[in-house]
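Only one structure is covered here, and it is reproduced in the block below.
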Amino acid sequence: MTTVYFVRHAEPNYSNHDDELRELTEKGLGDCKLVTEYLSDKSIDVVLSSPYKRSVDTVMDFANRYSIEIERIDDFRERKVDSEWIEDFTGFCKRQWADFNYKYTDGETLAEVQKRNISALKQVLEQYENKNIVIGSHGTALSTIINYYDPTYGFEDFDKIRQLMPWIVKFTFAGKKLIDMESVNVFEMLNE
């Protein structure tokens, strides 16, 4: 069995409109400790991440604590919306979830995001079979992965997790076949 913990990044600083370099807020940096606490007893072998700063920084505390180098994988990056900042992000998201082939001129479709994320995941499953893996991720990228395995996952589900940062989804695979998928809210977990 291979276990993959996709970790959606902690709270980012939305006043920074540079998607690749957007840093975490003070709250986001503090919440990274929740990720570390959750993963601490999971016998993690490998830490991978989207190359975007907020994703790398979310898994950095854990990787540093356990002296695991973070491997950045470009295909796990977040979707490119457009070259310009989008004011009506909710409207844009609804339209994309209704039509996986919809995009702005300089952006990506959800179908494109899903294809590259699933391709990267399949390579990871082959390379690290029977390992426990952490992957620093993003809300939309991770949601398209969930949708690949559960096509009923749509805009309403995505909308429920939009403000949930960090957020972890645990996938269990036998080879490349998904056996189980479980959402983890680290804030609820620590209150149990």
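The values are calculated or read from the model by the stated rules, or taken from the named source; none is laboratory data. What you see is a predicted model; the values in this text were computed from it and never measured. A quick note on method: Cβ atoms are made from the backbone with ideal geometry, for glycine too, and the neighbour counts reach across all protein chains shown. These accessible areas exclude ligands, DNA and RNA; they are computed on the full protein's heavy atoms, side chains included. Shrake-Rupley method; radii C 1.70, N 1.55, O 1.52, S 1.80 Å.
Annotation for the range 1-74 versus the range 168-185: alpha-carbon center distance of 18 Å.
Quotient of the Cα radius of gyration of the range 1-114 and 2.2 N^0.38 Å, N being its number of residues: 1.18.
Per-residue extension of 0.36 nm, minus the Cα-Cα distance of residue 123 and residue 102, leaves a gain of 4.9 nm for this segment. Dipole check for the range 1-69: with +1 at the C-beta of Lys and Arg, -1 at the C-beta of Asp and Glu, and the Cα centre as origin, the magnitude is about 120 Debye.
Shown for the chain are the DSSP H helices of 20 Å or more along their axis, judged by Cα atoms, with a mean Kyte-Doolittle hydropathy of at least -1.0: 26-39, 110-127. A dipole drawn for the chain from +1 and -1 charges on Cβ atoms has a positive end, and of 55, 120, 104 the residue lying farthest that way is 120.
The charge dipole of the range 1-136, taken about its Cα centre with unit charges on the Cβ of Lys, Arg, Asp and Glu (plus for the first two, minus for the last two), comes to roughly 360 debye.
Over the chain, dividing the summed -39,500 (n - 2.57) contributions of all DSSP H runs of at least 4 residues by the number of residues returns a 222 nm mean residue ellipticity of -12000 deg cm²/dmol. On the chain, 45 percent of the accessible area sits on carbon and sulfur atoms, based on a 1.4 Å probe.
Consider a paramagnetic label point 7 Å from the Cα of residue 14 along Cα→Cβ; state which residues of the range 149-170 have an amide N under 19 Å from it. Zone members listed by number: 155-167. Lysine pair count for the range 57-192 with Cα-Cα distance under 16 Å and sequence separation of 8 or more or different chains is 14.
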